[in-house]
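The values are calculated or read from the model by the stated rules, or taken from the named source; none is laboratory data. Everything numeric here is computed off the predicted structure, so don't read it as measured data. Neighbour counts are summed over all protein chains in view; Cβ atoms, including those assigned to glycine, are modelled from backbone coordinates with ideal geometry.
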Amino acid sequence: MTEAPARVREHPRSSLDLPAVRLPGIGPESAKLLERLGVRTIGDLLWHLPTRYKDFSRFRPLRALVAEQEQSAIAILGEISQRRTARGQLLTEAELLEEDGAPSQVRASWFGRAFIKETHRTGERVRISGRVRWVGRSLQFSQPALEPADAPLVHTGRLVPVYGLTEGLKDGQVRRWLHTAIEGGPRRTAIVGEVPEPLPQDLRNRHRLPDIAAALRQVHFPDDESRLLAARRRLAFDELLVLQLALAQRRARWTKDAHASPLRVADEQLATWVATLPFTLTAAQGRALAEVRADLERPIPMSRLLEGEVGSGKTVIAALAARIAQVSGAQTAIMAPTELLAEQHARSLAALFADGGPRHALLTSSVTGEERKRVVAGTAEGSIDVVVGTHALVEENVVFARLGLAVVDEQHRFGVRQRATFREKGDGLDPHLLLTTATPIPQTLNQTVYRDLDVSLLDELPIGRKPITTHLRTPDQLAGVWEGMRIAVGRGQQAFVVCPRIDPDEAGDDIPSAIATERDLRMGELRGLRLGLMHGRMAAKERDDVMRRFAAREIDVLVATTVIEVGIDIPNATVMVVLGADRFGLAQLHQLRGRVGRGTEKAYCVLVSDAADSPRLAAMVEQKDGRALNGFELAARDLEIRGAGEFLGERQSGAPELRVVDLADVDPRLVEETAGEADRILRVDPELGRSEHELLARAVEQLWRRYALA
Ligand code: ADP
Ligand code: MG
């Protein structure tokens, strides 16, 4: 790229490059908060996409409102009053009159929002949106959104976007800013119109895709659901196309240039190792081992995904592969997503290699001083055969004398980054790569990120595992659930309570939060038990510390968010309670359930939700041949249940690999279409050098940069 002259740099060509603070309404404080969300420029803000929508598009007269539904009404504000509740919270209440001034039974109430009384007055015509509930014999809007009836539809009366936030930012603020960027203002044009169109016109015509500005507009402020779907499809198309281009280019390079050193073991030696394991391998483990072994023998680097249920025994396969590497004179890196899991792997290796085997060492940030020096030096000179650590540490800080095998124990669900990092390090030889995952992989992924992966499936559990009993409960049955938990703890067992979110929501909906739940239980139903709290905003070290205390039985009940999803073996934990269970995807629920039932005691999973009719929750208790559905069956069921409109629900938590597309749940047709277009483009322009592909080339570059591969 050529340097832009200084004058041009001062006046960027496009408003998209301006810092976010230049958008009307965004002050320096807000801009700082936005940076935490990765939003620096106005262009970044446009790409801060809604995570879901509230459907406030249905209008009803007050007298016709339906309880527990999202809806809107035009109303006249009656008396507005404020008082403190017994708990000291500020409560604002408003009477509502029908549009024509007729009295109504419906009221509105808000906790905490002092400004409601300041910004609205009795007699004002307003548009009000939210859920109504029965309070006594009348209906009440709780925490509704409110706008003057003649104001543009931003927070009410439409499909209303909901954005990912960070502490200090309010949902309404972010929505307002995006509305300004998308719709412009009285004296300014909409900035969204400046977003350059990356797709050639003929391609857009072929796939009937709206232009990029229209798609962004509809995705933030949809006119209706069908336009929203078309817009999502367009953004997903771009993202998948770029991914397909990136992977296809890379694949072309790898197949040309990749070499690995063959790793071999004699039959008798392998048989001896297997015979001295503390257990007999399952048939599935036997097959997976044979497949891995065959790959390792070849001079082409293995790219294999070992896929199997939680507890199906993936570690031992990785350990045996490491042992094959060792007898072939090569080193192995085993990377775990957390320090705690790395420690657990190191312990497993010690147990599995009780009769000798590879010299292995743990490398986490808790390994310091002399020990750290020893491990780093030993790895560099080759006296250590297997290094077990966290992804970051091993990737960034360690030099290997002869790295022959890299094992990536699930972190990134798709491991795109790890695969590429090791390949790209390529000092001549490429290590064999073994990825493990407990997430069932939908078929569509085999056509995208996994096109270059072979899969080994562990589709059976070791014998002797006790089935876990799953119950569905509503929140008003919780007293019994806590009682049961007390009994389990009384027997010396431990329990998990999982919540969908960290903090109580300011808007006051009643989605359970880990922080409030822990506090309430500690002072209430579980008083006297030892409670622990763990969530994603705690530092990794703190989280590990809590887990360690839980493992040491210093904590009876761990209240957490899904950070425990990829967790560790606590055989003593027998109860898993999931609050707000309808807010989780099936794969997540299944993972969570897999955290218990690993010991000798009978285990229970209790899914708590008011959504008694949720098909997902039903799938969790469904029986087939007298057992619960396994992960693969649940994954298939998940796809059946989610229609195209499922994104109207909350997006599953966890850092997405991509911004728009959930690779675990993408329309297979879109995958095919983008794969076809990527091939077509690369056939005529393999380096993406043509001017009409300039923006695509830049997007490919950005994709790799996001994976730190520039
Ligand atoms: P995951 O697939 O979830 O990584 P692990 O490898 O951690 O599972 O194995 C879970 C537990 O099962 C471990 O305690 C391990 O020692 C044990 N295990 C693994 N394979 C077998 C087997 N074939 N028979 C009995 N126990 C096994
Ligand atoms: Mg594992």
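Can we say Thr562 is crowded, with 17+ Cβ neighbours inside 10 Å, within 30 Å of Ser129 (Cα to Cα) and β-branched (Val, Ile, Thr)?
Judged against the criteria, Thr562 is not a match.
Looking for whichever is farther than 25 Å from Ser312 by Cα and at pLDDT 80 or above here; the options are Glu646, Glu622, Glu672. Which one fits?
None of the other options fit; the residue is Glu672.
Determine whether Gln244 is surrounded by 14 or more Cβ atoms within 10 Å (Cβ to Cβ), among the polar types (S, T, N, Q), away from ligand 1 (no atom under 16 Å from the Cβ) and assigned to a helix (DSSP H, G or I).
yes
Taking the stated definitions as given, is Ala346 at pLDDT 95 or above, closer than 24 Å to Pro462 by Cβ and either in contact with a strand residue (DSSP E or B) (Cβ under 6 Å, 6 or more places away or on another chain) or buried (at least 24 other Cβ atoms within 10 Å of the Cβ) (or both)?
Considered against the rule, which asks whether it is at pLDDT 95 or above, closer than 24 Å to Pro462 by Cβ and either in contact with a strand residue (DSSP E or B) (Cβ under 6 Å, 6 or more places away or on another chain) or buried (at least 24 other Cβ atoms within 10 Å of the Cβ) (or both), Ala346 comes out as no.
One line per residue, one yes/no per condition, for (1) free of Cβ contacts under 8 Å to residues at least 24 places away in the same chain; (2) out of contact with any Ser or Thr (no Cβ under 7 Å at 6 or more places or on another chain); (3) acidic (Asp, Glu):
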{"residue": "Glu225", "(1), (2), (3)": "no, yes, yes"}
{"residue": "Gln244", "(1), (2), (3)": "no, no, no"}
{"residue": "Arg264", "(1), (2), (3)": "no, no, no"}
{"residue": "Gly311", "(1), (2), (3)": "no, yes, no"}
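Take Glu370 and tell me if it is more than 13 Å from ligand 1 (Cβ to nearest atom) and either at pLDDT below 85 or outside the structural domain of Leu281 (by TED's automatic domain parsing) (or both).
Here the answer is no, as Glu370 does not meet what is asked.
Please work out which residue is nearest to ligand 2 (Cβ to nearest atom), limiting yourself to segment 327-365 and to residues that are among the polar types (S, T, N, Q) and in contact (Cβ under 8 Å) with a residue 60 or more places away in the chain.
Gln344
Those residues that are surrounded by 16 or more Cβ atoms within 10 Å (Cβ to Cβ) and either touching a helix residue (DSSP H, G or I) at 6+ places or on another chain (Cβ under 9 Å) or more than 18 Å from Leu592 (Cβ to Cβ) (or both), I need them from segment 472-484; list them, please.
Across segment 472-484, the qualifying residues are Leu472, Arg473, Trp482.
Look at segment 267-326 and say how many of its residues are within 16 Å of ligand 2 (Cβ to nearest atom), more than 31 Å from the chain's Cα centre (by Cα) and under 14 Å from Ser456 (Cα atoms).
1
Going by the conditions given, is Ala230 in a helix (DSSP H, G or I), in contact (Cβ under 8 Å) with a residue 12 or more places away in the chain, crowded, with 17+ Cβ neighbours inside 10 Å and in contact with a helix residue (DSSP H, G or I) (Cβ under 6 Å, 6 or more places away or on another chain)?
Criteria not met by Ala230.
Can you name the number of the only condition in (1) more than 16 Å from ligand 2 (Cβ to nearest atom); (2) surrounded by fewer than 18 Cβ atoms within 10 Å (Cβ to Cβ); (3) not in a helix (DSSP H, G or I) that Arg251 fails?
For Arg251, the failing item is (3).
For segment 575-607, enumerate the residues that are of a type in the set (Val, Ile, Thr), modelled with pLDDT of 85 or more and over 21 Å from the mean Cα position of the chain (by Cα).
The answer is Val575, Val596, Val606.
Pick from segment 429-458 the residues that are within 16 Å of ligand 2 (Cβ to nearest atom) and at pLDDT 85 or above: which of them is surrounded by the fewest Cβ atoms within 10 Å (Cβ to Cβ)?
Leu457
Which ones in segment 135-149 are of a type in the set (D, E, K, R) and at pLDDT 90 or above?
The one that is of a type in the set (D, E, K, R) and at pLDDT 90 or above: Glu147.
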